[in-house]
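Working notes for the structure below.
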Amino acid sequence: MECIFCKIARKEIPTDLIYEDERVVAFNDINPQAPVHVLIIPKNHLTSLLDITQSNADIISHIFLVAKKLAEDMKLNEKGFRIVNNCGKEGGQTVGHLHFHLLGGRSMTWPPG
Ligand code: 5GP
Ligand code: ZN
């Protein structure tokens with residue numbers, strides 16, 4: 001398995017984990033786009049949101065609860081933050097392992113690029 005995020009989740013690539021439980025890990029993005037830029041990923045390999053079905057959809061609510069906890073821990077809840085999922089080529093996805101970006105610490109603009 002050559003998936004870089006699977007390797008991070010399995011600790012085959014040393015990465016400081018901000019959060020870990022039995023289902024997910026979170027770590028800082030290597031190329032941060034905001035003062036806070038955390039990636040939250042399932043430990044199990046899912047290529048994108050398109051791999052989510054009724055039978056595994058609970059991972060999405062779990063990831064969002066982890067994102068909320070991390071946002072609160074980092075005091076982002078006071079001013080606000082953004083959660084992003086890029087899906088597929090035109091969605092801007094560059095790593096083929098489902099992940100959510102938690103961005104904060106600056107004012108976000110809209111529309112996204
Ligand atoms: P995407 O563009 O697929 O939505 O997001 C992938 C993100 O993963 C990018 O923001 C990129 O900077 C980040 N990334 C890619 N490779 C690594 C890595 O090896 N370590 C970490 N920490 N982040 C990575
Ligand atoms: Zn993977």
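The values are calculated or read from the model by the stated rules, or taken from the named source; none is laboratory data. Just so you know, these numbers come straight off a predicted model, no measurement behind them. Every residue, glycine among them, receives a Cβ derived from its backbone with ideal geometry; neighbour counts consider all protein chains shown. Ligands, DNA and RNA are excluded from the accessible area calculation, which covers all protein heavy atoms including side chains. Shrake-Rupley method; radii C 1.70, N 1.55, O 1.52, S 1.80 Å.
Return a yes/no flag: does segment 60-72 have any residue that is on the phi < 0 side of the Ramachandran plot, open to solvent by less than 30 Å² (accessible area, probe 1.4 Å) and within 11 Å of ligand 1 (Cβ to nearest atom). No.
Taking each residue of segment 1-19 that is of a type in the set (A, V, I, L, M) and looking for partners that are part of a loop (DSSP other than H, G, I, E, B) with beta-carbon atoms closer than 6 Å, six or more apart or interchain, yields Ile8/Thr15; Ala9/Lys43. If you go through segment 35-47 and keep only what is more than 15 Å from ligand 2 (Cβ to nearest atom) and surrounded by 16 or more Cβ atoms within 10 Å (Cβ to Cβ), you end up with Val36, His37, Val38.
When you go through Leu103, Leu17, Leu76, Leu50 one by one, which is the residue that is crowded, with 16+ Cβ neighbours inside 10 Å, on the phi < 0 side of the Ramachandran plot, within 16 Å of ligand 1 (Cβ to nearest atom) and not acidic (Asp, Glu)? Answer to the check: Leu103.
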